[in-house]
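Worksheet for the structure shown next.
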Amino acid sequence: MKNEIKINYQNRLPHIAPIGATFFVTFRLHDSLPRPVVESLRERMNRAIEQLKKDKPPDYQEKIKNQRKLFFKHYDQQLDRKPYGECYLRKPAVAKIVADKLHELDGDKYDLITYCIMSNHVHVLFDTSKQLVDENNFFLPEVPEDYTQLHQIMKLIKGATAYAANRLLGRKGAFWQKDSYDHYVRNEKEFWNIVYYILRNPVKAGMVAEWKDFPYSYLKREFGELV
């Protein structure tokens, strides 16, 4: 059966996933935020976006994009401000399960650029264009039928780690929140802003003084000299 390419899809959040793009993804534990908090943030964003669509100011598309960024800012602040839930990712063995899976897919499904595993959520940045080039690093003439899309990559990561973590913890049930926040990187400036954002997450949360001191942060070596 041919792989159906999904550039746009909708769960609880809208997703835009261009083929071969670089993606910033945040995924969180199932109990990491109370549902009323998330619903309140989402409703606020949706009201603002609907008003922009109704009024249609000259730059309304850019303002809609900014509303989605604002939603994520508030969402992430809630995750960091006072970590909620069981915070299983604080356990080194559980954090290692996640880190190992992220690295396992590196070089196959994507190029892993950076990540940070916090107590109840994960930030990761990866480039999926790896799947569009041959062994000589030349771009293929068309998207391969076995191309693994963003939503499929996230299923690989979350499914395997949930199973392994639950087994380690001796528990059953949902481990990750079903939906993830994702954003495709538009340009180099945005790319570097996201790299710094991810690496500074534990610093901003007051966990360490320097990002390199945090045991669950990673930056690909080739970018190390630039940070």
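The values are calculated or read from the model by the stated rules, or taken from the named source; none is laboratory data. In this text the structure is predicted, and so the values were computed from the model without any measurement. Note that we place each Cβ from the backbone using ideal geometry, even for glycine, and neighbour counts take in every protein chain shown.
Key figures for this structure:
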item	result
Residue within region 53-61 that is in a helix (DSSP H, G or I), in contact with a Leu (Cβ under 8 Å, 6 or more places away or on another chain) and either closer than 24 Å to Phe126 by Cα or not assigned by TED's automatic domain parsing to the domain that holds Phe139 (or both) present	yes
Of all residues making up region 1-30, the number that are polar (S, T, N, Q), modelled with pLDDT under 80 and closer than 25 Å to Gln77 by Cβ	2
Checklist (1) touching a strand residue (DSSP E or B) at 6+ places or on another chain (Cβ under 9 Å); (2) within 24 Å of Asp80 (Cβ to Cβ); (3) free of Cβ contacts under 8 Å to residues at least 40 places away in the same chain applied to Thr148, failing item	(2)
Subset of region 176-201 [more than 16 Å from Leu125 (Cα to Cα) and of a type outside the set (Phe, Trp, Tyr)]	Gln177, Lys178, Asp179
Glu142 vs. criteria within 16 Å of Pro18 (Cα to Cα), acidic (Asp, Glu), surrounded by fewer than 18 Cβ atoms within 10 Å (Cβ to Cβ) and at pLDDT below 90	yes
Any hit, region 156-169, residues being outside the structural domain of Asn46 (by TED's automatic domain parsing) and in contact with a Gly (Cβ under 9 Å, 6 or more places away or on another chain)	yes
Matching residues, region 66-125, being small (Gly, Ala, Ser), at pLDDT 95 or above and surrounded by fewer than 17 Cβ atoms within 10 Å (Cβ to Cβ)	Ala93
Residues of region 190-215 classified as farther than 21 Å from Val38 by Cβ and part of a loop (DSSP other than H, G, I, E, B), total	7
Enumeration of residues in region 170-184 that are modelled with pLDDT of 95 or more and either surrounded by 15 or more Cβ atoms within 10 Å (Cβ to Cβ) or touching a Gly at 6+ places or on another chain (Cβ under 8 Å) (or both)	Phe175, Trp176
